[in-house]
1. I need a count of the residues in segment 189-219 that are closer than 15 Å to residue 136 by Cβ and either in a helix (DSSP H, G or I) or hydroxyl-bearing (Ser, Thr, Tyr) (or both).
2. Of 260, 230, which residue is of a type outside the set (Phe, Trp, Tyr), more than 25 Å from the chain's Cα centre (by Cα) and either within 15 Å of residue 209 (Cα to Cα) or surrounded by fewer than 24 Cβ atoms within 10 Å (Cβ to Cβ) (or both)?
3. Check off (1) open to solvent by 60 Å² or more (accessible area, probe 1.4 Å); (2) in contact with a helix residue (DSSP H, G or I) (Cβ under 9 Å, 6 or more places away or on another chain) for residue 86 and give me the number that stays unchecked.
4. Taking the options 322, 327, 303, 342, name whichever one is open to solvent by 50 Å² or more (accessible area, probe 1.4 Å), over 45 Å from the mean Cα position of the chain (by Cα) and in contact (Cβ under 8 Å) with a residue 40 or more places away in the chain.
5. If you check every pair at least six apart or on different chains, which have Cβ atoms under 7 Å apart with a residue in segment 54-69 that is without any contact (Cβ under 8 Å) to a residue 24 or more places away in the chain and in a loop (DSSP other than H, G, I, E, B) first and a residue that is among the hydrophobic types (A, V, I, L, M, F, W, C) and open to solvent by less than 80 Å² (accessible area, probe 1.4 Å) second?
6. Determine if segment 149-156 includes at least one residue that is modelled with pLDDT of 95 or more, open to solvent by 50 Å² or more (accessible area, probe 1.4 Å), assigned to a helix (DSSP H, G or I) and of a type in the set (Ser, Thr, Tyr).
7. For residue 336, are the conditions met, namely being modelled with pLDDT of 95 or more and crowded, with 19+ Cβ neighbours inside 10 Å?
8. For segment 30-80, which residues satisfy the criterion of being among the basic types (Lys, Arg) and within 18 Å of residue 94 (Cβ to Cβ)?
Amino acid sequence: MSKVFKAYALAALLALGLACLAAPKAAAQDGTIKGTIIDFDGKPWADLPVKIKSDQGQSQETKTDAQGKFQFLNLRSGKWTVTVQPPQTKEPFNTTTEVHAGSETPPVNWNFKEILEKQNPEAAAQIKKQAEEKTKFNAMKQHFEQGMALLEQERTAKADLSKAPADQRDAAKAKVTDLSSQAVAQFQEAQKAAPEKDPNVHLFWARMGEAYDLAGRNDDAINAYQQAVTAKPDNAGYYNNLGNVLARAGKIDDAKAAYTKSAELDPANAGMAWRNFGISLYQAGRMQEAVEPLEKATQVDPKNPQGWYLLGACLVASADYKQVGDKMQVTLKPGTVEAYQKAIELDPNGPYGAQAKQGLDAVQQLTGGIETKVGSTKKKKS
């Protein structure tokens with residue numbers, strides 16, 4: 001290598017070294033800002049936006065994590081303003097912190113529960129009360145939903161009971177009773193968790209009434225439905241359900257009062273209320289007493305075939321019987337045949353029409369007289 005080349009190479013290296021010494025160093029960016037934010041209930045505040053801005057105009061944004069923590073990394077040294085805007089406040093909260101590369105910045109923490117308690121104790125007390133009410137409401141809602149799920153299971157079990165073979169009926173009945181008790185327990189817990197003077201308290205009583213009713217616990221069902229109508233005296237359905245249980249328990253006068261109230265409160269469905277009263281009496285074997293409510297039912301709801309069929313059947317049971325010679329003469333109550341005919345007209349191919357046809361056949365046999373002479377037989381034709 002020639003001396004001239006070595007001289008040029010050395011000069012180039014010296015120039016590069018001088019250039020490196022003369023170039024300014026990039027500012028270190030390893031500063032951090034970290035912190036934790038607590039909400040007005042004293043819990044970590046998740047997903048709250050946090051913004052920072054340096055005195056040189058740089059800005060960043062992040063959100064708190066599930067533990068209410070946030071952090072900003074690789075920051076330039078200098079003053080930074082940290083800002084948060086809780087949705088409950090009109091103005092944002094700001095604080096300024098000094099960032100120094102290579103050293104840890106003191107954490108930036110906000111505890112809004114403590115801030116509120118210091119600045120506005122009345123508002124803090126109100127927020128605490130709201131939080132407690134929210135907790136109770138969630139507990140009430142959970143118990144009520146569990147009760148409704150159990151009540152639905154009880155309805156299914158009740159339907160299964162009606163179809164169960166004789167050797168399985170005891171087990172099926174026990175299942176209904178068990179589900180009833182579980183459902184009632186959940187509704188009672190929901191009731192305990194409800195706020196004072198809760199306007200929906202009638203729902204707890206009504207659902208308890210149904211749970212008791214399905215299990216055949218008449219006294220408990222009556223009490224629950226009475227509580228429901230006391231809490232919600234304008235609910236026609238509650239009076240109707242109360243009437244059903246009262247009638248089944250043999251408290252006919254009380255049942256009539258409940259059905260009458262139901263019909264008064266909901267004239268559009270008065271036919272159903274009177275028909276239910278008639279059905280309850282019919283099922284209890286009190287068919288003569290069922291005539292009056294069934295007549296009202298057919299007057300209010302003349303297009304319901306069930307009402308007409310039941311009226312016909314109860315009128316037959318109310319017929320007058322008189323012994324004439326060797327025969328018992330039967331005098332039907334007015335409207336008996338017409339009730340059956342109306343059921344057939346409205347339900348020609350359905351179950352009520354079919355039963356009404358059978359009823360008419362039986363009426364024709366009755367009106368011919370019933371032979372009562374002991375040992376009497378018809379002579380065979382030769």
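The values are calculated or read from the model by the stated rules, or taken from the named source; none is laboratory data. For clarity, every value in this text was computed on a predicted model and none was experimentally measured. Backbone-built Cβ (ideal geometry, glycine too); neighbour counts: all protein chains shown. Only protein heavy atoms, including side chains, enter the accessible area calculation; ligands, DNA and RNA are left aside. Shrake-Rupley method; radii C 1.70, N 1.55, O 1.52, S 1.80 Å.
1. 7
2. Values: 230 fails: more than 25 Å from the chain's Cα centre (by Cα).
On inspection, the qualifying residue turns out to be 260.
3. Of everything listed in (1) open to solvent by 60 Å² or more (accessible area, probe 1.4 Å); (2) in contact with a helix residue (DSSP H, G or I) (Cβ under 9 Å, 6 or more places away or on another chain), residue 86 misses just condition (1).
4. Details: 322 fails: in contact (Cβ under 8 Å) with a residue 40 or more places away in the chain; 303 fails: over 45 Å from the mean Cα position of the chain (by Cα); 342 fails: over 45 Å from the mean Cα position of the chain (by Cα).
The conditions single out 327.
5. Listed pairs, sorted by first residue: 65/46; 66/46.
6. There is at least one residue in segment 149-156 that is modelled with pLDDT of 95 or more, open to solvent by 50 Å² or more (accessible area, probe 1.4 Å), assigned to a helix (DSSP H, G or I) and of a type in the set (Ser, Thr, Tyr).
7. Details: modelled with pLDDT of 95 or more: no; crowded, with 19+ Cβ neighbours inside 10 Å: yes.
In short, no.
8. So the first thing to find is which residues in segment 30-80 are among the basic types (Lys, Arg), and the list is 34, 43, 51, 53, 63, 69, 76, 79.
Answer for segment 30-80, where residues must be among the basic types (Lys, Arg) and within 18 Å of residue 94 (Cβ to Cβ): 34, 51, 53, 63, 79.
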